[in-house]
Amino acid sequence: MTPGPRGTIAHVTDNTSRLRDLALLRTVRDRIDRDYDQPLDVEALARGVHMSSGHLSRMFRAAYGESPYAYLMTRRIERAMALLQRGDLDVTAVCFAVGYSSLGTFSTRFSELVGMPPSAYRQTASQWAGLPACVVKQIARPTRNTGQE
């Protein structure tokens with residue numbers, strides 16, 4: 001539907017639809033943020049908001065700059081980084097705590113996003129003891145190689 005002139009029924013309907021879609025996308029993002037350690041897939045996330053997985057993926061990418069799957073992987077790795085910085089869990093325990101079922105997959109994804117394997121990150125993170133949390137968050141933030149997903 002082509003948006004009508006401002007102030008017409010078509011314009012109001014189009015804006016209402018966009019707001020509803022954004023609310024549904026926030027619901028999906030919130031679920032990923034809350035349940036990152038659970039088995040989640042795009043199909044299940046899409047069913048939860050009554051969309052097809054393709055439509056959800058396209059809309060999510062347009063709104064947040066990455067697919068729902070990539071967002072989930074980033075959340076898991078961010079949580080893993082925090083657990084590794086804490087230092088009281090080994091890499092295998094962290095792997096399972098953030099929702100991975102394979103240590104190899106976890107290590108590969110971690111290395112892709114962080115630039116080093118989890119064990120090396122854990123050693124590096126130990127050097128950050130005493131730095132303010134806001135500084136650690138900036139220097140430790142994962143970056144995605146946008147060519148891979």
Members of the stretch 61-89 found to be more than 11 Å from the chain's Cα centre (by Cα) and within 19 Å of residue 113 (Cβ to Cβ), listed by number: 61, 80, 81, 82, 83, 84, 85, 86, 89
Given (1) of a type in the set (Gly, Ala, Ser); (2) at pLDDT below 90; (3) closer than 18 Å to residue 114 by Cα, where does residue 17 come up short, assuming only one miss? (3)
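Has the stretch 114-124 got any residue that is β-branched (Val, Ile, Thr), at pLDDT 90 or above and within 19 Å of residue 36 (Cα to Cα)? Spell out how you get there, then give the answer.
Taking the stretch 114-124 first, the residues β-branched (Val, Ile, Thr) are 114, 124.
Then keep just the ones that are at pLDDT 90 or above; that gives 114.
Narrowing the set further to residues that are within 19 Å of residue 36 (Cα to Cα) leaves 114.
Yes, because at least one residue in the stretch 114-124 is β-branched (Val, Ile, Thr), at pLDDT 90 or above and within 19 Å of residue 36 (Cα to Cα).
For the stretch 60-79, give me each residue that is closer than 14 Å to residue 27 by Cα and buried (at least 19 other Cβ atoms within 10 Å of the Cβ). I'd like the intermediate steps shown before the answer.
Taking the stretch 60-79 as the starting set, the residues that turn out to be closer than 14 Å to residue 27 by Cα are 60, 63-64, 68, 71-72.
Scanning the stretch 60-79 gives 60, 68, 71, 72.
The values are calculated or read from the model by the stated rules, or taken from the named source; none is laboratory data. All of these numbers come straight from a predicted model, not from anything done at the bench. Cβ coordinates were reconstructed from backbone atoms using ideal geometry, including for glycine residues, and neighbour counts include every protein chain displayed.
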